[in-house]
Amino acid sequence: MKIPSLDEARAMIKEAAETRASCSADFNPRIWIEHVEFVAQNAKVLATFCPGLNPDDAYILGLLHDIGIRSDTDGKTFRALSGYQYLKKLGFDDAARIALTHAFIIKDNGHLHDCPDQEAVKNTLAIVKAWKYDDYDRLIQLCNCLNDKGRNCTVLARMNALAAARSMPAESLDRLRVAVQELKDYFDERCNCNIYRIIGLD
């Protein structure tokens, strides 16, 4: 798998947090680092229950899923695309892919993203539509939805928080809720138990 080492990934996270914090007083690097750490930890522990997935690789992919924040110096950049470009340039193709797919649980709903650069969202959607998602894509998508501001939460709580934070069409939000619940159901089956128990929510 084309991903960085754990030490390299941690250095990237540190650099990304420092870069973003230096450009925005509104950005809290501690909360962001807690978020990516929790996504990584959840991905690793769930991967241990899923034959065919490597827990250590899942951890690194979780750490780097939102690395595009390093380029979002004005709050207007589409982080999924910038993260993909950054990791792709470094030769970490599998990590780059996750930077994109984590943001597109529903492939035809690019308008779910309230990024001002809708052209970037459209271009990213065109890339993602050509891919067939695998269980690493699905795992990081799910784990990103099991965490809000650095704390584990149910997918319902995360969707409610998303609805409160963004002005999304009700139909789009409803479709997203269904898609995230389907991800949770899929990994309940893969792990042969309720995943909330695994991550300490039940």
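Based on this model, can you work out whether PHE78 counts as within 16 Å of the chain's Cα centre (by Cα) and more than 14 Å from ASN147 (Cβ to Cβ)?
Details: within 16 Å of the chain's Cα centre (by Cα): yes; more than 14 Å from ASN147 (Cβ to Cβ): yes.
Answer is yes for this residue.
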Among ALA21, ALA9, which is without any contact (Cβ under 8 Å) to a residue 12 or more places away in the chain and either of a type in the set (Phe, Trp, Tyr) or assigned to a helix (DSSP H, G or I) (or both)? ALA21
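Yes/no per residue for (1) touching a Pro at 6+ places or on another chain (Cβ under 7 Å); (2) closer than 30 Å to SER172 by Cβ; (3) crowded, with 19+ Cβ neighbours inside 10 Å; (4) among the hydrophobic types (A, V, I, L, M, F, W, C):
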position: ALA9; (1), (2), (3), (4): no, no, yes, yes
position: ARG30; (1), (2), (3), (4): no, no, no, no
position: ILE33; (1), (2), (3), (4): no, yes, no, yes
position: ASP57; (1), (2), (3), (4): no, no, no, no
position: ASP66; (1), (2), (3), (4): no, yes, yes, no
position: ARG97; (1), (2), (3), (4): no, yes, yes, no
position: ILE105; (1), (2), (3), (4): no, yes, yes, yes
Yes/no for ALA17 being of a type in the set (Gly, Ala, Ser), in contact with a helix residue (DSSP H, G or I) (Cβ under 6 Å, 6 or more places away or on another chain) and under 20 Å from PHE187 (Cα atoms): no
Consider only pairs whose beta carbons are under 8 Å apart and that are at least six residues apart or on different chains; among these, list those whose first residue lies in the range 30-44 and is in contact (Cβ under 8 Å) with a residue 12 or more places away in the chain and closer than 12 Å to ARG151 by Cβ and whose second residue is part of a helix (DSSP H, G or I) and β-branched (Val, Ile, Thr). VAL39/ILE140
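How many residues, within the range 38-76, are of a type outside the set (Val, Ile, Thr), part of a helix (DSSP H, G or I) and at pLDDT 95 or above? Don't jump to the end; show me each part of the working.
Restricting attention to the range 38-76, the residues satisfying the condition of being of a type outside the set (Val, Ile, Thr) are 38, 40-44, 46-47, 49-59, 61-66, 68, 70-72, 74-76.
Among the residues that remain, those that are also part of a helix (DSSP H, G or I) are: 38, 40-44, 46-47, 55-59, 61-64, 68, 70-71.
Among the residues that remain, those that are also at pLDDT 95 or above are: 40-44, 46-47, 55-59, 61-64.
Summing the residues that are of a type outside the set (Val, Ile, Thr), part of a helix (DSSP H, G or I) and at pLDDT 95 or above in the range 38-76 gives 16.
Going by what's in this entry, would THR124 be described as touching a His at 6+ places or on another chain (Cβ under 9 Å) and at pLDDT below 95? If you could, list the steps in order and put the result at the bottom.
Numbers: touching a His at 6+ places or on another chain (Cβ under 9 Å): yes; at pLDDT below 95: yes.
Spelling it out, THR124 is indeed touching a His at 6+ places or on another chain (Cβ under 9 Å) and at pLDDT below 95.
Being surrounded by 16 or more Cβ atoms within 10 Å (Cβ to Cβ), more than 15 Å from the chain's Cα centre (by Cα) and within 21 Å of ARG190 (Cα to Cα): is that true of LEU53 here?
Numbers: surrounded by 16 or more Cβ atoms within 10 Å (Cβ to Cβ): yes; more than 15 Å from the chain's Cα centre (by Cα): yes; within 21 Å of ARG190 (Cα to Cα): yes.
So LEU53 fits the description; yes.
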Which condition breaks for LEU162 when tested against (1) closer than 25 Å to ILE33 by Cβ; (2) modelled with pLDDT of 90 or more? (2)
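The values are calculated or read from the model by the stated rules, or taken from the named source; none is laboratory data. No experiment lies behind these values; they were computed from the predicted model shown. Every residue, glycine among them, receives a Cβ derived from its backbone with ideal geometry; neighbour counts consider all protein chains shown.
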